Structures are given as structure tokens and as C-alpha cells.
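Peer 1: Below: one structure in C-alpha cells.
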Amino acid sequence: MPRKSNARPAPGDAKFVFKGTVMKPGASTLAQVPKGEPTAIVRVDEIFQAPPALAKTLGKQITVKLVKGSKPKAGEEVLFHANSWLFGDTVAVESLKQEKPAPSKAMLAERVTDPTLNLAQRELQTRVSDAALVVEGEVSSVHLPQAETFAATSNRASEAPVSEHDPKWREAVVNVGVVHKGDPATKQVVVRFPSSMDVQWHRAPKFHTGDRGVWLLQSSKEATPPPSKQVAGAGNAALRQPGKKAIAATAVPGAAVYTALHPMDFQPANKLESVASVIRTAVGKNS
């Protein structure tokens, strides 16, 4: 049976960009495609960027859910910007944008030939562009948030039920060696992260003393939700404002608190050589 992809990226954020030839409009390679959907069977002729599962479709016929109102003809070549839709014996993707391939191909011509690498580099550039601070450094210590430490010794803490999706927040103190984006005077930051391996949090980076690399740190745009245990006192106000100066909530009073929740938000030291140019390019575009 086909399964729906779990990924639901924002409209316009196409992960699968390919040139294809329309083989049969109004048809599908999957019987389970809902009736009434505007689809076409398309042969994948050239892939510019793709997640690993779709990078294997080169030369194959797949189903494309077309952009509403579009009516490509049999034999027409189209550049599709699409995302995963259904997986079964074959693949179905949902097109977000369609255009004639000639001018678009020229814009993509300078990209490297590995479509999965293209996608990874583009996503990394997006994370760098969205980051409030990009720093290179080393974790000097890991702690419980100060308010959580207080909660552990408070009688009131036992009154609140613990959620099965409790993130189990921890704070990594990062000594900054190089600032790639943000305040160049930054010497130390606190990175709040979920230590839980629950399905809701398992993909978020976990940090340990001695970890070295580059952090793509988020502040107000991806604020950490407050801990599940509500504790009275000044610490909670700071916990609700990751990315802003934390006074009583952290083990480093006065240090700025950030999050790094996306798998790409931490690039370990052994990957720095391969991602350095991507980071420099992304920072340059936003400077």
C-alpha cells in the first residue's frame, strides 16, 4: 500500500526539482490516487535537487499532481518544483510550480551534479539565513535550566503531571571562538535543547561537554516552549523568552539563550570543511 509522506513543507518550498516529459495527462501510475485530482504521468528526464527517496526516480515514470488550472500536453517538457505526495509501487509527487525548462535550467546549470547534495546545501543556506547567530565554538558544560533545578526540589513540582512528550530541557554553555553571523563580540552563549529521545524531539541535536562545531542558533523565531513544570519565581519569565538575555534562568547569568532544534542547526567539527563554503555564501547574501 502506498503511504503518505510525513513531510509537509511550506508552499513554495519545493524539495524535488526536475525536468520531465508529460507522457499521459489525466492519468496516474498509482491506483490509490484520489479520483478527481489533476494528475499526469511524467517521465523524469533530469533531476536538479531531490531528497534521497526521489533521487532514484531518474528515467522512471511517476505521477505528478499538477498545479491547479495547468493543462500540460502529452510530449511537453516541464520543469517541476514538487514535493513528495504518495509512495507505493511507484511515486506520486505534488507540483508547487511548473515552468518551461529552458530559462530555469540555465539558472540551475552552475549547481553540482548530485541532486541530494543540492537539496542539502539549499536547506543549510536557508537555516543560516534564518539564524539569529552563527558561531563556531566548543561546549564547556551542560546543565539543567536553573528554574528546572528549582522545580526538582519544590513540593509544588510533584503536583504537576509529566507529559510523555516532556522535552527534558538542558542547557549547553558554548564558548565562542568565531562568530560567522551576529555580534562579533559574542564570547559565550547558552543553547537550550531537548535531551528527550521522544519521537517529538529525537531529531533535535543533543549536546555534550567537549562538542565542537558550528551552531546555527535561533532566537525569537523558534522560541523554546516553557518547561512542562510551571515554577513560581523570576526564572520563568526568562524561560519564556529564549534568544533574549536570561537573568535567572540559566547557569550563566547574563548570557543570551538560543535554541538549535533542527538537525542542521549543529554542524560538528568533522564536517566543517564541507559546509564552510555554504555557510560563507549564505552569510554573504545576508550581510
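Where a number appears in this text, it was derived from the coordinates with a stated rule and is not lab data. Source: prediction; values computed, not measured. Using ideal geometry, Cβ is built from the backbone for each residue, glycine included, and neighbour counts are taken over all protein chains shown.
Peer 1: Using 7 Å Cα-to-Cβ label points, what is the Gln200/Lys100 separation (nm, one decimal)?
Peer 2: The modelled label-to-label distance comes out at 5.0 nm.
Peer 1: Compute the distance in nm between two label points, each set 7 Å from the Cα along the Cα-to-Cβ direction, one at Thr281 and one at Ser141.
Peer 2: 4.0
Peer 1: Compute the FRET efficiency between Asp183 and Ser70 as 1/(1 + (r/R0)^6), taking r as their Cβ-Cβ distance and R0 = 41 Å, and round to the nearest 0.05.
Peer 2: Computed FRET efficiency for Asp183 and Ser70: 0.30.
Peer 1: So which aspartates and glutamates pass the test for Lys56, namely a Cα distance under 12 Å, with those fewer than 8 places away in the same chain ruled out?
Peer 2: Those aspartates and glutamates meeting the cut-off are Asp45, Glu46, Asp114.
Peer 1: Going by average Cβ neighbours within 10 Å, how do the peptides 60-71, 125-136, 273-284 rank, with the highest at the top?
Peer 2: Ranked from most to least packed, the peptides come out as 125-136, 60-71, 273-284.
Peer 1: Continuing with the same structure: Between Lys271 and Lys60, what FRET efficiency follows from the Cβ-Cβ distance if R0 is 35 Å, with the result rounded to 0.05? Intermediate results must be reported in sequence, preceding the final value.
Peer 2: Numbers: r = 32 Å, r/R0 = 0.91.
So the FRET efficiency works out to roughly 0.65.
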